[in-house]
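Visitor: First the structure, then my questions, so here it is.
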Amino acid sequence: MDQRVERAVVLAAGLGTRLKWLTNSRPKALMQVGGEPAIIHVIRSLVSQGIHDIAVNAHHHADILKSYLGDGSRFGCRIRISYEPLLLDSGGGVKQALEFLPGSGPVAVCNADVLSSLDLKRLSAVLPEGGAAIGLVTNPTHHPGGDFALNGVKVMSEGETRFTFSGISVWDEKVFDGFETGSVFSLVQPMRELIAKGLCAGAKHDGYWYDIGRPADLMRANRRYR
């Protein structure tokens, strides 16, 4: 498919329960990393890769997040907030957030608590029509079993060597046509359906990658970004 990706959904609605007291008064996406909120690192990375329109899903302390992000103009993009009164999980969050994005074409989906040097062009270059392309990383210590295997660029459910989903992906938006807005589902559901059809591609990322949802990883990311 290899289309230019100009739109993104940033998933920022999580409760941040693993960070406990750190997220009592603010959303996890606004956790400081190197003197700047994590989500701002994500947004700056997306803008540097040609993303112009970003929808951010929000739930926990959504008003604080919306106030901080504004309309996105100070970051060089347009930001819209997709508020979820009830959590829709990652897939349901993307489905609703797509309604806040103009235009058409492929859409990047990134977790607000994942900081990485993964280039979205690597994913869009292998994106199957009607499918998804996901970034994979070496299994972290907290997830030694991994999620998926790779056969060339094709993602498989099983394989000798398994990798962990990075939280960064590119999707043909048509994948979400079969889901109702407001429905609750994980992105893993359409991923597994696409894998079964041979429509899920992947790329192994060997650069830096931090999932700051755990205190130890948050500290590691801070050391790098300082």
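The values are calculated or read from the model by the stated rules, or taken from the named source; none is laboratory data. None of the values given here were measured: they were computed from a predicted structure. All Cβ positions, even for glycine, are placed from backbone atoms using ideal geometry, and neighbour counts span all protein chains on display.
Visitor: Quick check: anything in the range 50-66 modelled with pLDDT under 95, more than 18 Å from the chain's Cα centre (by Cα) and surrounded by fewer than 14 Cβ atoms within 10 Å (Cβ to Cβ)?
Guide: Within the range 50-66, one or more residues are modelled with pLDDT under 95, more than 18 Å from the chain's Cα centre (by Cα) and surrounded by fewer than 14 Cβ atoms within 10 Å (Cβ to Cβ).
Visitor: Quick check: is even one residue across the range 65-74 basic (Lys, Arg), in a helix (DSSP H, G or I) and touching a Leu at 6+ places or on another chain (Cβ under 8 Å)?
Guide: no
Visitor: State all residues of the range 105-152 that are closer than 18 Å to Gly198 by Cβ, in contact (Cβ under 8 Å) with a residue 40 or more places away in the chain and hydrophobic (A, V, I, L, M, F, W, C); if no residue qualifies, say none.
Guide: The answer is Leu123, Ala125, Val126, Leu127, Ala132, Ala133, Ile134, Leu136, Phe148, Leu150.
Visitor: Only strands (runs of 3 or more DSSP E) wholly contained in the range 142-221 count here; list those with 3 or more residues that are within 17 Å of the chain's Cα centre (by Cα) and buried (at least 20 other Cβ atoms within 10 Å of the Cβ).
Guide: Counting at least 3 such residues, we get 162-171, 200-204, 209-211.
Visitor: Could I ask something else about it? Pull out all pairs, ordered by first then second residue, where Cβ-Cβ is under 7 Å, the residues are six or more apart or on different chains, the first lies in the range 194-217 and is within 16 Å of Val114 (Cβ to Cβ) and touching a residue at least 60 places away in the same chain (Cβ under 8 Å), and the second is surrounded by fewer than 21 Cβ atoms within 10 Å (Cβ to Cβ) and small (Gly, Ala, Ser).
Guide: Here the result reads Gly207/Ser117; Tyr208/Ser117, each pair linking the range 194-217 to a residue that is surrounded by fewer than 21 Cβ atoms within 10 Å (Cβ to Cβ) and small (Gly, Ala, Ser).
Visitor: Can we say Arg74 is exposed (fewer than 15 other Cβ atoms within 10 Å of the Cβ) and under 29 Å from Gly202 (Cβ atoms)?
Guide: So Arg74 fails the test.
Visitor: Just to verify a result, which residue in the range 79-107, among those that are at positive phi and not in a helix (DSSP H, G or I), is surrounded by the most Cβ atoms within 10 Å (Cβ to Cβ)?
Guide: This residue is Gly105.
Visitor: Answer yes if at least one residue in the range 37-45 is more than 16 Å from Ala221 (Cα to Cα), in a helix (DSSP H, G or I) and modelled with pLDDT under 95, and no otherwise.
Guide: Within the range 37-45, none of the residues are more than 16 Å from Ala221 (Cα to Cα), in a helix (DSSP H, G or I) and modelled with pLDDT under 95.
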